[in-house]
Amino acid sequence: MGNVDPHSPIAQALSRRTFLVAGATGLYGLDAAQLQAARDSADVAAPGRRPARSTILIWLSGGTSHIDTFDLKPKAAREFRGPFEPIATSAPGVEISEHLPLLAQQAHRFSIIRSLGHFRRG
């Protein structure tokens, strides 16, 4: 198995990040035109809205369960829901775990995206 010379023109022009982005776009079936169109549309803010200054992604891989923190199921059967109770937040209609009271006070300032994915098949 050969290695690329770190001083070659290809290695100089291609950073790790660029290489990973290029590989990921192929993995998801995107071509360069689709990727550029997505970048262009992301640069345009909705009318009357300022673009976001920052984004925080909380990736709970191996961390606290979503049904114990942000996606409690209080109406589910006892064997399917977590042991914690939901509390109201400063955002109308949004409830989170009783163990996150300070976060509940700031809920009108952030978004919760409730999604779940896994790679297990069969």
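The values are calculated or read from the model by the stated rules, or taken from the named source; none is laboratory data. Source: prediction; values computed, not measured. Cβ coordinates were reconstructed from backbone atoms using ideal geometry, including for glycine residues, and neighbour counts include every protein chain displayed.
Assorted remarks:
A quick yes/no check of all residues on (1) outside any helix (DSSP H, G or I); (2) loosely packed, with under 13 Cβ neighbours inside 10 Å; (3) of a type in the set (A, V, I, L, M):
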residue	(1), (2), (3)
Gly63	yes, yes, no
Pro74	yes, yes, no
Glu79	yes, yes, no
Ile87	yes, no, yes
Gly93	yes, yes, no
His108	no, yes, no
Ser111	yes, yes, no
Arg114	yes, yes, no
His118	yes, yes, no
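- Some residue of region 36-59 being modelled with pLDDT of 70 or more, outside any loop (DSSP other than H, G, I, E, B), surrounded by 11 or more Cβ atoms within 10 Å (Cβ to Cβ) and in contact with a Pro (Cβ under 8 Å, 6 or more places away or on another chain): no
- All of (1) at pLDDT below 80; (2) touching a helix residue (DSSP H, G or I) at 6+ places or on another chain (Cβ under 9 Å); (3) part of a loop (DSSP other than H, G, I, E, B); (4) farther than 25 Å from Arg109 by Cβ hold for His7 with one exception: (2).
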